[in-house]
Amino acid sequence: MRAVLFIVIFSLFNLAFGEESTNNEKQVKTNTFYATYVDKQKWEYGSTLLGFFNKNGIPEKTYFNLSPEDKELVADVRTDSDVFILRDSNGFLLQAFLSLNQDTQVRIFFNQKIQNYELEIIPIISLQTKQKVVARVDSSGPSSALYSATQDARLNGEFLNAYKIRNTMQKGDRVAVIYLRKYRLGRPIGNAEIQAIATEHSRNFNYLFGYENRYYDINGKEMTSFFLITPVKYRRISSKFSTGRKHPVLGYVRPHYGVDLAAVTGTPIKAAGDGRITYSGPRGGYGNAVEISHSGGIRTLYAHMSKIAKNSKVGTWVRQGTIIGYVGSTGLSTGPHLHFGVYKNNKPINPLGQIKTTRTQLEGKKKQHFQTFANDSKAELDSFITNAKLDNTPFFITKELIKEDSQEDEES
């Protein structure tokens, strides 16, 4: 055996990430002793899981033994995401964590019992907080005031995605936000999830509410005009979107981050919205794939193409409706279909819930649910603004830890 795990550090590493072994592997002791250390890397553009395996001496069968669903899923390791690797002093990989998004990750580990590597998809355990901030606006505007208060660039970016009325605030007016933030190892991960925004003008406040990945005014009217179209003429939905259900024993999830649209081979695939192509080519279990970055933090993925269109090159700007490829069954696929994924700020969301033709206004039970949410959020924000003391400081912030909800199926 090449290495013996330094059990104390191994345990601290698991504890720090919030994960426990789901395989009950037993550590084997010998007369040889090695220290361990954590190696932090970035997942570079164009990297593949098989390439990572080859680089770290992991047998390829560790990948080929996966189920088709997992092979497709592990193709979605995020470019530029952090990769954490636990090694012994000889550089031998003991376990690694590769992020798929802010909620899910791939865990690769050396199982001492079977003397081989295994792989599993597990949740990222994180602390979630609700934060409130109110700040006085200077001549630079509300987003600058928020950034000065929080030093959170991603919160600032999400605020700009939501807030479209740029020229109504004056110096001395107040801007306030309630938002959720996740932390891992003491550092924020993913994007800020804005619950409510209040902006002051002439001593009155205007409100905006984040609800189901969109932003609405107090009356339930959507405030953004970005929309997606159905990318392909399909015959049926062969697999729905799901965040997965946590396994009651093993403790990990089996999500499906997209919707599978069954169609005839060769059916044209169109860009769901205006944007710039950020990936084009083979992508593991996804086969031939194209990825497009859109405004508002939206990213779309089109996979299993039989052929990618000649003009679908990285860096190319495409208009909504432009043909980017053709339906096929490349990669891990049991038949011709388009795997269509939609991500907002790298968080997977239900594609069908984002497709619309005009700005929407909530109606029926959904509007009733929204109205309750908006009224409660407005009352919470008003109370916070009233009690915030800004006499000797340009901003005021509070933070509270909230309980993490368990992941459930979302098939709607």
query: How many residues does segment 187-225 hold that are in a loop (DSSP other than H, G, I, E, B) and either in contact with a Cys (Cβ under 8 Å, 6 or more places away or on another chain) or open to solvent by 60 Å² or more (accessible area, probe 1.4 Å) (or both)?
result: 7
- prompt: Among the listed residues Ala149, Ala145, Ala162, which satisfies the condition of being under 26 Å from Leu401 (Cα atoms), in contact with a Phe, Trp or Tyr (Cβ under 6 Å, 6 or more places away or on another chain) and modelled with pLDDT of 90 or more?
  reply: Ala149
- line: If we keep only residues of segment 38-48 that are surrounded by 12 or more Cβ atoms within 10 Å (Cβ to Cβ) and at pLDDT below 85, then the residue farthest from Phe109 (Cα to Cα) is Ser47
- prompt: Would you pick out the residues in segment 319-331 that are touching a Ser or Thr at 6+ places or on another chain (Cβ under 9 Å) and open to solvent by 10 Å² or more (accessible area, probe 1.4 Å)?
  reply: Thr322, Ile323, Tyr326, Ser329, Thr330
query: Residues in segment 52-63: is at least one among the β-branched types (Val, Ile, Thr) and open to solvent by 10 Å² or more (accessible area, probe 1.4 Å)?
result: yes
query: Got at least one residue in segment 300-316 being within 30 Å of Gly210 (Cα to Cα), surrounded by 22 or more Cβ atoms within 10 Å (Cβ to Cβ) and among the polar types (S, T, N, Q)?
result: yes
field: Residue count for segment 100-110, restricted to those that are farther than 12 Å from Ile58 by Cα and open to solvent by less than 10 Å² (accessible area, probe 1.4 Å)
entry: 6
- prompt: If Ile121 satisfies every condition in (1) among the β-branched types (Val, Ile, Thr); (2) within 24 Å of Ile189 (Cβ to Cβ); (3) at pLDDT 90 or above but one, which is the exception?
  reply: (3)
task: Please go through segment 361-396 and pick out each residue that is touching a residue at least 24 places away in the same chain (Cβ under 8 Å), part of a helix (DSSP H, G or I) and either on the phi > 0 side of the Ramachandran plot or of a type in the set (S, T, N, Q) (or both).
output: Gln371, Ser377
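For (1) over 30 Å from Pro68 (Cβ atoms); (2) modelled with pLDDT of 95 or more; (3) not basic (Lys, Arg), each residue gets a yes or a no:
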| site | (1), (2), (3) |
| --- | --- |
| Ser295 | yes, no, yes |
| Ile298 | no, no, yes |
| Tyr302 | no, yes, yes |
| Met305 | no, yes, yes |
| Gly315 | yes, no, yes |
| Arg319 | yes, no, no |
| Ile324 | no, yes, yes |
- prompt: Could you list, in sequence order, the residues of segment 174-195 that are within 21 Å of Ala388 (Cα to Cα), touching a helix residue (DSSP H, G or I) at 6+ places or on another chain (Cβ under 8 Å) and not polar (S, T, N, Q)?
  reply: Arg174, Val175, Ala176, Val177, Ile178, Tyr179, Arg181, Ile194
Output for segment 252-280, where each listed residue is open to solvent by 10 Å² or more (accessible area, probe 1.4 Å), over 18 Å from Lys344 (Cβ atoms) and not in a loop (DSSP other than H, G, I, E, B): Asp260, Pro268, Lys270, Ser280
query: Across segment 353-375, what is the total count of residues that are modelled with pLDDT of 80 or more and either hydrophobic (A, V, I, L, M, F, W, C) or open to solvent by less than 20 Å² (accessible area, probe 1.4 Å) (or both)?
result: 3
query: For the subset of segment 119-178 comprising residues that are part of a loop (DSSP other than H, G, I, E, B) and without any contact (Cβ under 8 Å) to a residue 24 or more places away in the chain, which member is least open to solvent (accessible area, probe 1.4 Å)?
result: Ser140
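The values are calculated or read from the model by the stated rules, or taken from the named source; none is laboratory data. This is a predicted model, so every value here is computed, not measured. Every residue, glycine as well, gets a Cβ built from its backbone with ideal geometry; the counts of neighbours run over all protein chains shown. Please note that ligands, DNA and RNA were not included when accessible areas were found on the heavy atoms of the full protein model with its side chains. Shrake-Rupley method; radii C 1.70, N 1.55, O 1.52, S 1.80 Å.
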